[in-house]
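Each remark here refers to the structure printed beneath this line.
The values are calculated or read from the model by the stated rules, or taken from the named source; none is laboratory data. In this text the structure is predicted, and so the values were computed from the model without any measurement. No Cβ is skipped: glycine too gets one built from the backbone with ideal geometry, and neighbour counts run over all protein chains shown. What goes into the accessible areas is simple: the full protein's heavy atoms, side chains included, and nothing from ligands, DNA or RNA. Shrake-Rupley method; radii C 1.70, N 1.55, O 1.52, S 1.80 Å.
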Protein chains: 2
Amino acid sequence: MELTLKIRMNEKLFLRNPEETELGREIIRQSIILIHKSGLEAFTFKKLAKAIGTTEAGVYRYFENKHRLLVYIVSWYWSWLEYKISVHTNNMKDPEVRLKKIIQILGTPVKDDVDTKHVDERLLYEIVTWEGAKVYLTRHVSTDNKLRFFKPYKDLCARVAGVILECNPSYRYSRSLASTLVEMAHQQNFFMRNLPSLTDFGNSKDEGKMIVFLEHFVFASLSASEKKQSKKTP
Amino acid sequence: MELTLKIRMNEKLFLRNPEETELGREIIRQSIILIHKSGLEAFTFKKLAKAIGTTEAGVYRYFENKHRLLVYIVSWYWSWLEYKISVHTNNMKDPEVRLKKIIQILGTPVKDDVDTKHVDERLLYEIVTWEGAKVYLTRHVSTDNKLRFFKPYKDLCARVAGVILECNPSYRYSRSLASTLVEMAHQQNFFMRNLPSLTDFGNSKDEGKMIVFLEHFVFASLSASEKKQSKKTP
DNA sequence: AAATATTTAATAGTATTACTATCATTCATA
DNA sequence: TATGAATGATAGTAATACTATTAAATATTT
(Lines give C-alpha, C1' and ligand atoms only; values in the text may rest on other atoms or scores of the structure.)
Protein backbone atom coordinates (compact mmCIF):
# COMPACT_ATOMS: atom_id res chain seq x y z
CA MET A 1 0.00 0.00 0.00
CA GLU A 2 1.30 3.41 -0.87
CA LEU A 3 0.36 6.35 1.27
CA THR A 4 0.89 9.87 0.13
CA LEU A 5 0.74 12.66 2.63
CA LYS A 6 -1.08 15.68 1.35
CA ILE A 7 -0.94 18.90 3.29
CA ARG A 8 -3.60 21.46 2.70
CA MET A 9 -1.87 24.76 2.17
CA ASN A 10 -3.11 28.31 2.66
CA GLU A 11 -4.58 29.40 -0.67
CA LYS A 12 -3.33 32.93 -0.31
CA LEU A 13 0.21 31.66 -0.61
CA PHE A 14 0.03 30.90 -4.30
CA LEU A 15 -1.61 32.12 -7.48
CA ARG A 16 -2.10 28.63 -8.83
CA ASN A 17 -1.95 25.54 -6.64
CA PRO A 18 1.43 23.89 -7.25
CA GLU A 19 0.18 20.55 -5.95
CA GLU A 20 -2.23 20.23 -8.83
CA THR A 21 0.05 20.21 -11.82
CA GLU A 22 3.25 18.49 -12.80
CA LEU A 23 4.95 21.84 -13.35
CA GLY A 24 3.76 23.05 -9.95
CA ARG A 25 5.21 20.04 -8.18
CA GLU A 26 8.48 20.48 -10.05
CA ILE A 27 8.61 24.10 -8.89
CA ILE A 28 8.39 22.95 -5.27
CA ARG A 29 10.83 20.10 -5.71
CA GLN A 30 13.49 22.17 -7.44
CA SER A 31 13.04 25.21 -5.22
CA ILE A 32 13.91 23.05 -2.25
CA ILE A 33 16.97 21.70 -3.99
CA LEU A 34 18.18 25.10 -5.16
CA ILE A 35 17.50 27.04 -1.97
CA HIS A 36 19.21 24.30 -0.03
CA LYS A 37 22.20 24.34 -2.34
CA SER A 38 22.94 28.07 -2.57
CA GLY A 39 20.68 29.81 -0.07
CA LEU A 40 17.74 32.13 -0.48
CA GLU A 41 19.77 35.17 -1.51
CA ALA A 42 21.25 33.47 -4.56
CA PHE A 43 17.96 31.85 -5.49
CA THR A 44 16.03 33.47 -8.33
CA PHE A 45 13.01 32.50 -10.36
CA LYS A 46 15.16 32.65 -13.47
CA LYS A 47 17.55 30.01 -12.16
CA LEU A 48 14.63 27.95 -10.93
CA ALA A 49 12.92 28.14 -14.31
CA LYS A 50 16.07 27.07 -16.06
CA ALA A 51 16.54 24.15 -13.68
CA ILE A 52 13.09 22.77 -14.40
CA GLY A 53 13.03 23.64 -18.09
CA THR A 54 10.36 26.30 -18.09
CA THR A 55 10.40 30.07 -18.25
CA GLU A 56 10.43 32.74 -15.59
CA ALA A 57 6.86 33.68 -16.41
CA GLY A 58 5.91 30.06 -15.89
CA VAL A 59 7.02 30.23 -12.28
CA TYR A 60 5.35 33.59 -11.72
CA ARG A 61 2.07 32.03 -12.64
CA TYR A 62 2.29 29.91 -9.51
CA PHE A 63 3.96 32.26 -7.03
CA GLU A 64 3.83 36.02 -6.76
CA ASN A 65 7.46 36.24 -5.62
CA LYS A 66 10.19 34.23 -4.01
CA HIS A 67 9.25 35.25 -0.51
CA ARG A 68 5.83 33.70 -0.89
CA LEU A 69 7.44 30.59 -2.24
CA LEU A 70 9.70 30.45 0.80
CA VAL A 71 6.74 30.90 3.11
CA TYR A 72 5.01 28.06 1.27
CA ILE A 73 7.94 25.71 1.67
CA VAL A 74 8.63 26.58 5.30
CA SER A 75 4.96 26.38 6.21
CA TRP A 76 4.75 23.01 4.58
CA TYR A 77 7.61 21.91 6.79
CA TRP A 78 5.94 23.08 10.00
CA SER A 79 2.72 21.32 9.06
CA TRP A 80 4.60 18.19 8.22
CA LEU A 81 6.52 18.37 11.50
CA GLU A 82 3.36 18.80 13.49
CA TYR A 83 1.89 15.81 11.73
CA LYS A 84 5.01 13.83 12.46
CA ILE A 85 4.88 14.78 16.10
CA SER A 86 1.24 13.85 16.38
CA VAL A 87 1.93 10.43 14.84
CA HIS A 88 4.82 9.73 17.16
CA THR A 89 3.22 10.90 20.37
CA ASN A 90 -0.43 10.03 19.95
CA ASN A 91 -0.25 6.80 21.88
CA MET A 92 1.78 8.21 24.77
CA LYS A 93 -0.09 8.82 27.96
CA ASP A 94 2.56 10.44 30.11
CA PRO A 95 2.93 14.08 29.02
CA GLU A 96 6.56 14.17 30.12
CA VAL A 97 7.39 11.26 27.90
CA ARG A 98 5.53 12.99 25.10
CA LEU A 99 7.43 16.23 25.67
CA LYS A 100 10.71 14.38 25.58
CA LYS A 101 9.73 12.77 22.33
CA ILE A 102 8.82 16.15 20.91
CA ILE A 103 12.17 17.59 21.93
CA GLN A 104 13.90 14.67 20.33
CA ILE A 105 12.01 15.13 17.07
CA LEU A 106 12.63 18.88 17.08
CA GLY A 107 16.31 18.46 17.74
CA THR A 108 17.12 15.67 15.34
CA PRO A 109 17.89 16.75 11.80
CA VAL A 110 15.54 14.86 9.56
CA LYS A 111 17.28 11.90 8.04
CA ASP A 112 14.90 10.57 5.51
CA ASP A 113 11.24 10.31 4.95
CA VAL A 114 9.03 8.48 2.55
CA ASP A 115 5.84 10.32 3.26
CA THR A 116 5.99 12.41 0.15
CA LYS A 117 7.21 11.96 -3.34
CA HIS A 118 8.28 15.36 -4.47
CA VAL A 119 9.47 16.91 -1.22
CA ASP A 120 12.82 16.10 0.34
CA GLU A 121 12.31 16.66 4.07
CA ARG A 122 16.00 16.28 4.82
CA LEU A 123 16.79 19.35 2.75
CA LEU A 124 13.77 21.12 4.17
CA TYR A 125 15.07 20.78 7.70
CA GLU A 126 18.21 22.66 6.74
CA ILE A 127 16.33 25.27 4.75
CA VAL A 128 14.23 25.96 7.83
CA THR A 129 17.27 26.37 10.06
CA TRP A 130 18.95 28.73 7.60
CA GLU A 131 16.02 30.63 6.17
CA GLY A 132 13.11 29.93 8.50
CA ALA A 133 13.34 33.13 10.50
CA LYS A 134 13.34 35.24 7.35
CA VAL A 135 9.75 34.21 6.78
CA TYR A 136 8.55 36.44 9.59
CA LEU A 137 11.44 38.91 9.84
CA THR A 138 9.95 41.28 7.28
CA ARG A 139 8.16 44.57 7.37
CA HIS A 140 4.98 42.87 6.28
CA VAL A 141 4.75 40.43 9.22
CA SER A 142 1.45 41.87 10.30
CA THR A 143 -0.09 41.67 6.84
CA ASP A 144 1.22 38.15 6.39
CA ASN A 145 -0.04 37.28 9.82
CA LYS A 146 -3.51 38.49 8.93
CA LEU A 147 -3.37 36.32 5.83
CA ARG A 148 -2.66 33.47 8.28
CA PHE A 149 0.67 32.62 6.72
CA PHE A 150 2.09 31.65 10.09
CA LYS A 151 -0.72 29.38 11.14
CA PRO A 152 1.24 26.13 10.71
CA TYR A 153 4.06 27.49 12.82
CA LYS A 154 1.69 28.77 15.46
CA ASP A 155 -0.22 25.49 15.47
CA LEU A 156 2.95 23.58 16.13
CA CYS A 157 3.98 25.92 18.93
CA ALA A 158 0.48 25.77 20.40
CA ARG A 159 0.61 21.98 20.40
CA VAL A 160 3.95 22.01 22.18
CA ALA A 161 2.63 24.58 24.63
CA GLY A 162 -0.32 22.29 25.29
CA VAL A 163 1.92 19.41 26.23
CA ILE A 164 3.97 21.72 28.43
CA LEU A 165 0.82 22.71 30.26
CA GLU A 166 -0.15 19.07 30.67
CA CYS A 167 3.19 18.49 32.37
CA ASN A 168 2.66 21.37 34.70
CA PRO A 169 -0.77 23.03 34.61
CA SER A 170 0.41 25.89 36.79
CA TYR A 171 3.29 26.88 34.55
CA ARG A 172 2.75 30.41 33.37
CA TYR A 173 4.91 30.64 30.28
CA SER A 174 3.87 27.66 28.24
CA ARG A 175 3.64 29.57 24.97
CA SER A 176 6.89 31.46 25.33
CA LEU A 177 8.66 28.32 26.42
CA ALA A 178 7.23 26.46 23.44
CA SER A 179 8.33 29.03 20.88
CA THR A 180 11.70 29.25 22.60
CA LEU A 181 12.09 25.50 22.39
CA VAL A 182 11.13 25.30 18.72
CA GLU A 183 13.43 28.17 17.78
CA MET A 184 16.31 26.90 19.89
CA ALA A 185 16.17 23.43 18.43
CA HIS A 186 17.06 24.90 15.07
CA GLN A 187 19.23 27.75 16.23
CA GLN A 188 21.51 25.81 18.53
CA ASN A 189 21.95 23.33 15.74
CA PHE A 190 22.96 26.14 13.41
CA PHE A 191 25.35 27.58 15.98
CA MET A 192 26.85 24.18 16.72
CA ARG A 193 27.72 23.72 13.09
CA ASN A 194 28.69 27.25 12.15
CA LEU A 195 29.54 29.27 15.24
CA PRO A 196 30.35 26.49 17.69
CA SER A 197 31.76 28.76 20.39
CA LEU A 198 28.21 29.94 21.04
CA THR A 199 27.31 26.46 22.23
CA ASP A 200 28.62 23.76 24.52
CA PHE A 201 28.53 21.06 21.89
CA GLY A 202 31.81 21.90 20.24
CA ASN A 203 32.39 20.67 16.78
CA SER A 204 31.07 17.29 17.78
CA LYS A 205 28.07 17.97 15.57
CA ASP A 206 26.30 15.61 17.85
CA GLU A 207 22.67 16.57 18.27
CA GLY A 208 22.48 14.20 21.21
CA LYS A 209 24.15 16.70 23.49
CA MET A 210 21.99 19.48 22.22
CA ILE A 211 18.86 17.48 22.92
CA VAL A 212 20.02 16.91 26.47
CA PHE A 213 20.47 20.64 26.83
CA LEU A 214 17.00 21.33 25.46
CA GLU A 215 15.44 18.75 27.75
CA HIS A 216 17.37 20.14 30.62
CA PHE A 217 16.17 23.69 30.30
CA VAL A 218 12.60 22.79 29.49
CA PHE A 219 12.15 20.43 32.42
CA ALA A 220 14.11 22.69 34.73
CA SER A 221 11.69 25.51 33.89
CA LEU A 222 8.73 23.26 34.48
CA SER A 223 9.82 21.89 37.81
CA ALA A 224 11.18 25.16 39.14
CA SER A 225 7.88 26.78 38.42
CA GLU A 226 5.96 25.37 41.36
CA LYS A 227 8.59 26.35 43.85
CA LYS A 228 9.50 29.80 42.65
CA GLN A 229 6.01 30.85 41.74
CA SER A 230 5.10 32.25 45.11
CA LYS A 231 8.27 34.28 45.21
CA LYS A 232 7.61 36.06 41.94
CA THR A 233 3.94 36.73 42.47
CA PRO A 234 3.33 40.20 43.94
CA MET B 1 32.34 67.20 30.66
CA GLU B 2 31.37 65.49 27.47
CA LEU B 3 32.31 61.91 26.90
CA THR B 4 32.16 60.30 23.53
CA LEU B 5 32.17 56.56 23.31
CA LYS B 6 34.31 55.25 20.51
CA ILE B 7 34.11 51.62 19.58
CA ARG B 8 36.98 50.11 17.69
CA MET B 9 35.50 48.26 14.76
CA ASN B 10 36.85 45.36 12.75
CA GLU B 11 38.78 46.91 9.85
CA LYS B 12 37.69 44.21 7.44
CA LEU B 13 34.15 45.49 7.68
CA PHE B 14 34.74 48.65 5.70
CA LEU B 15 36.82 49.98 2.85
CA ARG B 16 37.25 53.39 4.42
CA ASN B 17 36.66 53.96 8.12
CA PRO B 18 33.30 55.73 8.44
CA GLU B 19 34.21 57.08 11.87
CA GLU B 20 36.92 59.26 10.43
CA THR B 21 35.01 61.52 8.09
CA GLU B 22 31.86 63.57 8.20
CA LEU B 23 30.45 61.68 5.22
CA GLY B 24 31.29 58.37 6.86
CA ARG B 25 29.45 59.27 10.03
CA GLU B 26 26.48 60.44 8.00
CA ILE B 27 26.42 57.11 6.22
CA ILE B 28 26.13 55.32 9.56
CA ARG B 29 23.61 57.74 10.96
CA GLN B 30 21.31 57.67 7.95
CA SER B 31 21.66 53.93 7.42
CA ILE B 32 20.30 53.38 10.90
CA ILE B 33 17.42 55.71 10.25
CA LEU B 34 16.57 54.22 6.88
CA ILE B 35 16.94 50.56 7.81
CA HIS B 36 14.85 51.21 10.87
CA LYS B 37 12.19 52.94 8.86
CA SER B 38 11.71 50.53 5.98
CA GLY B 39 13.71 47.41 6.75
CA LEU B 40 16.80 45.91 5.22
CA GLU B 41 15.09 44.61 2.09
CA ALA B 42 13.92 48.04 0.97
CA PHE B 43 17.20 49.68 1.91
CA THR B 44 19.54 50.46 -1.00
CA PHE B 45 22.74 52.44 -1.34
CA LYS B 46 21.00 54.63 -3.86
CA LYS B 47 18.32 55.67 -1.39
CA LEU B 48 20.94 56.12 1.30
CA ALA B 49 23.05 58.31 -0.98
CA LYS B 50 20.06 60.43 -1.81
CA ALA B 51 19.15 60.82 1.84
CA ILE B 52 22.56 62.16 2.76
CA GLY B 53 23.07 64.14 -0.40
CA THR B 54 25.87 62.16 -1.93
CA THR B 55 26.09 59.65 -4.73
CA GLU B 56 25.90 55.89 -4.78
CA ALA B 57 29.60 55.70 -5.56
CA GLY B 58 30.26 57.79 -2.51
CA VAL B 59 28.76 55.14 -0.28
CA TYR B 60 30.53 52.33 -2.07
CA ARG B 61 33.81 53.95 -1.16
CA TYR B 62 33.05 53.13 2.48
CA PHE B 63 31.26 49.82 2.32
CA GLU B 64 31.56 46.98 -0.13
CA ASN B 65 27.85 46.20 0.05
CA LYS B 66 24.83 46.58 2.25
CA HIS B 67 25.38 43.34 4.07
CA ARG B 68 28.76 44.54 5.33
CA LEU B 69 27.15 47.76 6.40
CA LEU B 70 24.52 45.82 8.31
CA VAL B 71 27.20 43.71 9.98
CA TYR B 72 28.97 46.91 10.92
CA ILE B 73 25.91 48.43 12.49
CA VAL B 74 24.81 45.29 14.31
CA SER B 75 28.33 44.59 15.56
CA TRP B 76 28.57 48.10 16.82
CA TYR B 77 25.38 47.46 18.79
CA TRP B 78 26.69 44.27 20.38
CA SER B 79 29.91 46.00 21.40
CA TRP B 80 27.99 48.91 22.80
CA LEU B 81 25.68 46.55 24.69
CA GLU B 82 28.59 44.66 26.18
CA TYR B 83 30.11 47.95 27.25
CA LYS B 84 26.82 49.01 28.77
CA ILE B 85 26.55 45.73 30.64
CA SER B 86 30.06 46.03 31.96
CA VAL B 87 29.39 49.53 33.20
CA HIS B 88 26.19 48.55 34.94
CA THR B 89 27.44 45.35 36.56
CA ASN B 90 31.06 46.08 37.35
CA ASN B 91 30.46 46.98 40.95
CA MET B 92 28.17 44.06 41.70
CA LYS B 93 29.67 41.28 43.71
CA ASP B 94 26.87 38.75 43.74
CA PRO B 95 26.82 36.98 40.35
CA GLU B 96 23.09 36.32 40.61
CA VAL B 97 22.39 39.99 41.00
CA ARG B 98 24.67 40.64 38.08
CA LEU B 99 22.90 38.08 35.93
CA LYS B 100 19.55 39.60 36.78
CA LYS B 101 20.85 43.00 35.78
CA ILE B 102 22.11 41.56 32.51
CA ILE B 103 18.74 40.01 31.79
CA GLN B 104 17.07 43.29 32.53
CA ILE B 105 19.37 45.17 30.16
CA LEU B 106 18.97 42.55 27.45
CA GLY B 107 15.22 42.57 27.74
CA THR B 108 14.56 46.28 27.94
CA PRO B 109 14.30 48.07 24.62
CA VAL B 110 16.81 50.87 24.68
CA LYS B 111 15.10 54.11 25.51
CA ASP B 112 17.68 56.74 24.99
CA ASP B 113 21.39 57.12 25.28
CA VAL B 114 23.76 59.99 25.16
CA ASP B 115 26.96 58.03 24.77
CA THR B 116 27.28 58.76 21.11
CA LYS B 117 26.42 61.60 18.88
CA HIS B 118 25.75 60.06 15.52
CA VAL B 119 24.25 56.72 16.54
CA ASP B 120 20.69 56.37 17.78
CA GLU B 121 20.76 53.33 20.02
CA ARG B 122 17.00 53.22 20.34
CA LEU B 123 16.65 52.59 16.63
CA LEU B 124 19.55 50.18 16.74
CA TYR B 125 17.81 47.98 19.27
CA GLU B 126 14.92 47.52 16.88
CA ILE B 127 17.16 46.99 13.90
CA VAL B 128 18.90 44.22 15.81
CA THR B 129 15.65 42.50 16.67
CA TRP B 130 14.41 42.67 13.09
CA GLU B 131 17.60 42.19 11.11
CA GLY B 132 20.15 40.87 13.59
CA ALA B 133 19.86 37.22 12.68
CA LYS B 134 20.35 37.97 8.99
CA VAL B 135 23.91 38.92 9.80
CA TYR B 136 24.87 35.30 10.30
CA LEU B 137 22.12 33.53 8.38
CA THR B 138 24.04 33.59 5.10
CA ARG B 139 25.98 31.11 3.07
CA HIS B 140 29.19 32.92 3.91
CA VAL B 141 28.91 32.56 7.71
CA SER B 142 32.12 30.62 7.85
CA THR B 143 34.08 33.13 5.80
CA ASP B 144 32.65 35.99 7.80
CA ASN B 145 33.41 34.11 10.98
CA LYS B 146 37.04 33.71 9.93
CA LEU B 147 37.17 37.44 9.31
CA ARG B 148 36.01 37.75 12.93
CA PHE B 149 32.85 39.62 12.03
CA PHE B 150 30.97 37.97 14.87
CA LYS B 151 33.50 38.70 17.57
CA PRO B 152 31.43 41.39 19.30
CA TYR B 153 28.44 39.07 19.46
CA LYS B 154 30.54 36.18 20.69
CA ASP B 155 32.26 38.37 23.26
CA LEU B 156 28.93 39.42 24.67
CA CYS B 157 27.68 35.83 24.83
CA ALA B 158 30.96 34.73 26.41
CA ARG B 159 30.62 37.39 29.07
CA VAL B 160 27.09 36.28 29.86
CA ALA B 161 28.24 32.67 29.91
CA GLY B 162 30.95 33.67 32.37
CA VAL B 163 28.45 35.14 34.78
CA ILE B 164 26.27 32.07 34.40
CA LEU B 165 29.22 29.91 35.36
CA GLU B 166 29.92 32.11 38.35
CA CYS B 167 26.37 31.52 39.51
CA ASN B 168 26.76 27.80 39.15
CA PRO B 169 30.26 26.52 38.37
CA SER B 170 28.98 23.03 37.70
CA TYR B 171 26.44 24.08 35.09
CA ARG B 172 27.34 22.40 31.85
CA TYR B 173 25.58 24.53 29.25
CA SER B 174 26.72 28.02 30.09
CA ARG B 175 27.45 28.97 26.50
CA SER B 176 24.28 27.57 25.00
CA LEU B 177 22.22 29.09 27.76
CA ALA B 178 23.93 32.44 27.18
CA SER B 179 23.29 32.50 23.43
CA THR B 180 19.74 31.30 24.05
CA LEU B 181 19.19 34.10 26.50
CA VAL B 182 20.58 36.79 24.23
CA GLU B 183 18.57 35.56 21.26
CA MET B 184 15.38 35.11 23.25
CA ALA B 185 15.54 38.58 24.72
CA HIS B 186 15.15 39.97 21.22
CA GLN B 187 13.01 37.26 19.75
CA GLN B 188 10.36 37.12 22.44
CA ASN B 189 10.14 40.86 22.20
CA PHE B 190 9.57 40.60 18.47
CA PHE B 191 6.96 37.89 18.95
CA MET B 192 5.22 39.84 21.67
CA ARG B 193 4.78 42.78 19.36
CA ASN B 194 4.13 41.01 16.08
CA LEU B 195 3.00 37.44 16.69
CA PRO B 196 1.76 37.70 20.25
CA SER B 197 0.13 34.28 20.35
CA LEU B 198 3.62 32.79 20.41
CA THR B 199 4.18 34.34 23.82
CA ASP B 200 2.45 34.69 27.16
CA PHE B 201 2.74 38.44 27.24
CA GLY B 202 -0.26 39.21 25.11
CA ASN B 203 -0.48 42.55 23.47
CA SER B 204 0.53 44.18 26.70
CA LYS B 205 3.83 45.10 25.08
CA ASP B 206 5.16 45.04 28.57
CA GLU B 207 8.75 43.87 28.65
CA GLY B 208 8.48 43.43 32.39
CA LYS B 209 6.64 40.14 31.99
CA MET B 210 9.10 38.99 29.42
CA ILE B 211 12.00 39.73 31.70
CA VAL B 212 10.37 37.69 34.43
CA PHE B 213 10.08 34.82 31.97
CA LEU B 214 13.73 35.12 30.98
CA GLU B 215 14.84 35.25 34.59
CA HIS B 216 12.65 32.33 35.35
CA PHE B 217 14.04 30.00 32.77
CA VAL B 218 17.64 31.02 33.30
CA PHE B 219 17.59 30.58 37.06
CA ALA B 220 15.48 27.46 36.81
CA SER B 221 18.13 25.95 34.55
CA LEU B 222 20.88 26.95 36.91
CA SER B 223 19.31 25.64 40.06
CA ALA B 224 17.95 22.47 38.53
CA SER B 225 21.41 21.66 37.32
CA GLU B 226 22.83 20.60 40.64
CA LYS B 227 19.97 18.30 41.42
CA LYS B 228 19.42 16.71 38.04
CA GLN B 229 23.04 16.42 37.12
CA SER B 230 23.61 13.03 38.70
CA LYS B 231 20.56 11.67 36.94
CA LYS B 232 21.75 12.58 33.49
CA THR B 233 25.38 11.56 33.89
CA PRO B 234 25.97 8.01 32.71
C1' DA C 1 -16.68 19.87 -37.84
C1' DA C 2 -16.24 24.85 -37.43
C1' DA C 3 -16.24 28.60 -34.47
C1' DT C 4 -15.32 30.36 -30.18
C1' DA C 5 -13.61 30.77 -25.80
C1' DT C 6 -10.22 29.53 -22.33
C1' DT C 7 -6.08 28.10 -20.62
C1' DT C 8 -1.13 27.74 -20.93
C1' DA C 9 3.35 28.74 -22.76
C1' DA C 10 7.01 31.56 -24.92
C1' DT C 11 8.99 36.13 -26.04
C1' DA C 12 10.09 40.41 -25.12
C1' DG C 13 10.43 44.38 -22.45
C1' DT C 14 10.91 47.59 -18.17
C1' DA C 15 12.36 49.41 -13.76
C1' DT C 16 15.31 48.70 -10.17
C1' DT C 17 19.30 46.87 -7.93
C1' DA C 18 24.03 46.20 -7.16
C1' DC C 19 27.66 47.24 -8.50
C1' DT C 20 32.35 49.32 -11.40
C1' DA C 21 34.89 52.74 -13.90
C1' DT C 22 36.30 57.29 -15.18
C1' DC C 23 37.43 61.89 -14.67
C1' DA C 24 37.00 66.39 -12.70
C1' DT C 25 37.13 69.15 -8.40
C1' DT C 26 37.96 70.58 -3.79
C1' DC C 27 40.91 71.16 0.01
C1' DA C 28 44.41 70.38 3.15
C1' DT C 29 49.44 69.40 3.59
C1' DA C 30 54.65 69.23 2.39
C1' DT D 1 53.43 75.16 -5.96
C1' DA D 2 53.07 70.47 -6.23
C1' DT D 3 50.91 66.37 -4.08
C1' DG D 4 47.59 63.58 -2.66
C1' DA D 5 43.50 62.30 -0.35
C1' DA D 6 38.48 62.84 -0.26
C1' DT D 7 34.56 63.87 -2.70
C1' DG D 8 31.41 64.65 -6.70
C1' DA D 9 29.35 63.86 -11.07
C1' DT D 10 28.40 60.96 -14.83
C1' DA D 11 28.04 56.85 -17.18
C1' DG D 12 27.75 52.09 -17.83
C1' DT D 13 26.86 46.91 -16.99
C1' DA D 14 24.91 42.63 -15.49
C1' DA D 15 21.51 40.71 -12.93
C1' DT D 16 17.06 40.82 -10.59
C1' DA D 17 12.18 41.13 -10.16
C1' DC D 18 8.63 41.68 -12.44
C1' DT D 19 4.75 42.89 -16.58
C1' DA D 20 2.77 42.86 -20.89
C1' DT D 21 2.06 40.92 -25.37
C1' DT D 22 1.51 37.53 -28.37
C1' DA D 23 1.34 32.70 -29.91
C1' DA D 24 -0.03 27.90 -29.35
C1' DA D 25 -2.70 24.32 -27.44
C1' DT D 26 -7.04 22.68 -25.43
C1' DA D 27 -11.61 22.56 -24.40
C1' DT D 28 -16.44 23.99 -25.25
C1' DT D 29 -20.25 25.18 -27.80
C1' DT D 30 -23.15 25.07 -31.71
Cα-based Rg/(2.2 N^0.38 Å) for the protein assembly as shown, rounded to two decimals, is 1.00
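Using the structure shown, select from B:LYS154/B:LYS209; A:LYS84/A:LYS111; B:LYS84/B:LYS154 the pairs with a Cα to Cα distance greater than 22 angstrom.
Cα-Cα > 22 Å for B:LYS154/B:LYS209; rest within.
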Under the convention of a label 7 Å out along Cα→Cβ, give the distances in nm from A:GLU96 to the same position in every other copy, shortest first. 2.5
Averaged over B:136-142, number of beta-carbon atoms from partner chains that fall within 10 Å: 6
Using protein chains only and a probe of 1.4 angstrom, how many square angstrom of B:ASP94 are accessible, to the nearest 10? 70
Dimensions of the stretch A:18-87 along principal axes (Cα, Å, largest first)? 39, 27, 18
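Nearest 500 deg cm²/dmol is fine: what mean residue ellipticity at 222 nm does the protein assembly as shown get from its DSSP H runs of n ≥ 4 alone, each adding -39,500 (n - 2.57), divided by its residue count?
-21500 deg cm²/dmol
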With R₀ set to 41 angstrom, the calculated FRET efficiency between the beta-carbons of A:ARG16 and B:SER204, to the nearest 0.05, is 0.50
Sites B:ARG148 and B:MET92 - FRET efficiency at Förster radius 25 Å, r taken between beta-carbons, to 0.05: 0.25
Rounded to the nearest 10 Å², what accessible area does B:MET92 have for a 1.4 Å probe in the complete protein model? 50
Loop-exposed GluC sites (Glu not before Pro) per DSSP, neighbour cap 16 Cβ within 10 angstrom, longest uninterrupted part of chain A: A:65-234
What percent of all Cα-Cα pairs in chain B falls in each 5 Å bin, counting up from 0? 1, 6, 13, 16, 17, 16, 12, 9, 5, 2, 1, 1, 0, 0
Defining the label point at 7 Å along Cα→Cβ, can you sort the distances from B:ASN10 to the same site in each other copy, shortest first, in nm? 3.4
In bins 5 Å wide, starting from 0, what share of all Cα pairs of the stretch B:110-172 does each bin hold, as a percent? 4, 14, 14, 17, 19, 17, 12, 3, 0
Mind giving me the nanometre distance, one decimal, between the label points for B:SER197 and A:LEU5, set 7 Å out from Cα along Cα→Cβ? 2.2
Taking the label point 7 Å from Cα along the Cα-Cβ vector, the copy-to-copy distances for B:ARG122, listed from shortest in nm with one decimal, are 5.2
